[in-house]
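The values are calculated or read from the model by the stated rules, or taken from the named source; none is laboratory data. Because the structure is a prediction, the values reported are computed rather than measured. No Cβ is skipped: glycine too gets one built from the backbone with ideal geometry, and neighbour counts run over all protein chains shown. Note: accessible area is taken over every heavy atom of the protein model, side chains too, but ligands, DNA and RNA are not part of it. Shrake-Rupley method; radii C 1.70, N 1.55, O 1.52, S 1.80 Å.
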Amino acid sequence: KAGVTQTPRYLIKTRGQQVTLSCSPISGHRSVSWYQQTPGQGLQFLFEYFSETQRNKGNFPGRFSGRQFSNSRSEMNVSTLELGDSALYLCASSLRDGSFSTDTQYFGPGTRLTVL
Amino acid sequence: GNSVTQMEGPVTLSEEAFLTINCTYTATGYPSLFWYVQYPGEGLQLLLKATKADDKGSNKGFEATYRKETTSFHLEKGSVQVSDSAVYFCALSPKTSYDKVIFGPGTSLSVIP
């Protein structure tokens, strides 16, 4: 089975611009979660989507948004970029359908976003 | 609410030394517990997991036991290698899949020859 893929792998933007990141989960996985990783703040949860519905949300401003499509692919969008948004954005997919045997998250390699 | 606490490091060990990374959690019910590892330049990958009390997860020489009485899931390895240098994350997945997965802050491990 193919793993979780994220595109693009690297991105450079300037302040005030917006960006869209994409995540393709493992086939059959309906849960997709997004995380922001920075040296100072560590791994921070952004949101989780399950079957096209946002199931959980972290403590990020409204500039951060996401969505999930019927094929479980997910995108996250950051508008009005700030310097502090520079980070590695990780996507993780999972079955997470309620059974303990399905709650392992599988991570993609991440998208490295640099805001200048 | 649910939370995970782990020693943040960095931890530096000599090759073949014994490793312990402490992890304790707070949760309602009995969550699944995980250790994930992140090698430089990569995403996180599952190292081991346990889904109920007294379960022992093991992989690549690493072990961790789900201790309900002490709400802990400490990671151990008897003899570390240079290739084990990475960041290790303890995590919990709540009983209901409707609650988010909680990650600890990560522990950076460097193993020197």
So how much accessible area does B:I112 have, in Å² to the nearest 10, using a 1.4 Å probe? 80
If I take every Cα pair under 8 Å that is 6 or more residues apart in chain A, average their sequence separation and divide by the length, what percent do I get for the relative contact order? 35
Sort largest first and round to whole Å: the equivalent ellipsoid semi-axes of chain A, each the square root of five times a Cα gyration tensor eigenvalue. 24, 14, 13
Cα-centred dipole magnitude for chain A, charges only on beta-carbon of K, R (+1) and D, E (-1), debye, nearest 20: 180
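Averaged over peptide B:33-44, how many Cβ atoms belonging to another chain are found within 10 Å of each residue's Cβ?
Shielding by partners across B:33-44 averages 4.
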Using square roots of five times the C-alpha gyration tensor eigenvalues, list the equivalent-ellipsoid semi-axes of the protein assembly as shown in whole Å, biggest first. 29, 22, 15
Rounded to whole angstroms and listed largest first, the alpha-carbon spread of chain B along its three principal axes comes to 43, 28, 20
Simple label model, 7 Å out from Cα along Cβ direction - A:E82 to B:T5, nm: 3.0
So for the protein assembly as shown: antiparallel DSSP bridges make up what percent, rounded to the nearest 5? 90
